[in-house]
Amino acid sequence: MGTLCVISPNQNAVSETFIQAHIEFLNGPKVVLNGDYPDYGFNNRQIRYFYGSKRWLKKLAKLLPHYFYERLILPRALSPASVHDYISGFLRMHDVDVILAEYGFYGAQICPHARALRIPLIVHFHGHDAHRLPEVGPFRERYREMFKHAFRIISVSRFMSAQLAELGADPDRVVYNPYGPRDYFYDSKSDYRSPFSPGLFLTKRTFA
């Protein structure tokens, strides 16, 4: 049985419980990559130095003075060929056979590597990655390429599904899957007689 690789920008972000739920509750073996492309981290270590070819040389290069490392080594370490080398090394070493990218931006970034390795890609959109046009604009072409390769695109609302189709996604590959609350949400018992009751909303009314 292969491994699911979840790609998420943050590690245990308090505002991303929906992503944490995927990590906790999806069945089967999983590995999680955090951080911004291409500086992914795994278990609090940058994968650039631990996967792919010439790993020992990469570690030794880090011992160089900062000035020389930034000028001489880093540009090569972040070249497209080098990035693909360590990302593919990570995915192969962990026997990854499916990638789940949280947010469209991260799906677009990992897509060329998934396509080259013939690994199915599932991209989960969450909101601004589909609707906030100033941020989506620079990714439009990359989205179109991603939509061609992605096995499935996850949408959390009907409105988002329509927007993804507008951006170029095949409606047959878009899966509508709205968010749901954690089980403990149903254990919340509100007492509206108390001003400190969970679930109590306060409003301020201004009189003319």
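The values are calculated or read from the model by the stated rules, or taken from the named source; none is laboratory data. Predicted model only: the values in this text are computed from it and were never measured. Cβ sites come from the backbone with ideal geometry, for glycine too, and all protein chains shown count toward neighbours.
At-a-glance table
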{"read-out": "Subset tally (residues that are within 21 Å of the chain's Cα centre (by Cα) and either farther than 17 Å from GLY127 by Cα or not polar (S, T, N, Q) (or both)) for the stretch 160-186", "value": "16"}
{"read-out": "Pair list, Cβ < 7 Å and 6+ apart or interchain, from the stretch 167-187 residues that are surrounded by fewer than 10 Cβ atoms within 10 Å (Cβ to Cβ) to residues that are at pLDDT 75 or above and β-branched (Val, Ile, Thr)", "value": "PRO178/VAL156"}
{"read-out": "Selection status of HIS131, under 16 Å from ILE19 (Cβ atoms) and either surrounded by fewer than 19 Cβ atoms within 10 Å (Cβ to Cβ) or of a type outside the set (S, T, N, Q) (or both)", "value": "no"}
{"read-out": "Filter pass, GLU135 being among the acidic types (Asp, Glu) and either modelled with pLDDT of 95 or more or on the phi > 0 side of the Ramachandran plot (or both)", "value": "no"}
{"read-out": "Members of the stretch 155-165 found to be surrounded by fewer than 22 Cβ atoms within 10 Å (Cβ to Cβ) and closer than 20 Å to PHE18 by Cβ, listed by number", "value": "VAL156, SER157, ARG158, PHE159, MET160, SER161, GLN163"}
{"read-out": "Long-range neighbours under 7 Å by Cβ, at least six apart or interchain, first residue within 11 Å of GLU102 (Cα to Cα) within the stretch 5-30, second surrounded by 15 or more Cβ atoms within 10 Å (Cβ to Cβ) and of a type in the set (Asp, Glu)", "value": "VAL6/GLU102; ILE7/GLU102; SER8/GLU102; ASN10/GLU16; ILE19/GLU102"}
{"read-out": "Residues of the stretch 129-150 satisfying the condition of being assigned to a helix (DSSP H, G or I) and either among the aromatic types (Phe, Trp, Tyr) or touching a Lys or Arg at 6+ places or on another chain (Cβ under 8 Å) (or both)", "value": "PHE139, TYR143, PHE147, HIS149"}
{"read-out": "Some residue of the stretch 61-70 being buried (at least 16 other Cβ atoms within 10 Å of the Cβ), part of a helix (DSSP H, G or I) and at pLDDT below 90", "value": "yes"}
{"read-out": "Cβ-Cβ under 6 Å pairs, at least 6 apart or on other chains, the stretch 101-130 side in contact (Cβ under 8 Å) with a residue 40 or more places away in the chain, far side assigned to a helix (DSSP H, G or I)", "value": "ALA101/GLY107; ALA101/ILE110; GLU102/ILE19; TYR103/ASP129; GLY104/ASP129; GLY107/MET146"}
{"read-out": "Of all residues making up the stretch 27-57, the number that are in a helix (DSSP H, G or I) and modelled with pLDDT of 90 or more", "value": "1"}
{"read-out": "Extreme residue, surrounded by the fewest Cβ atoms within 10 Å (Cβ to Cβ), among residues of the stretch 2-22 that are closer than 23 Å to PRO178 by Cα and touching a strand residue (DSSP E or B) at 6+ places or on another chain (Cβ under 6 Å)", "value": "GLN11"}
{"read-out": "Extreme residue, modelled with the highest pLDDT, among residues of the stretch 71-103 that are outside any helix (DSSP H, G or I) and hydroxyl-bearing (Ser, Thr, Tyr)", "value": "TYR103"}
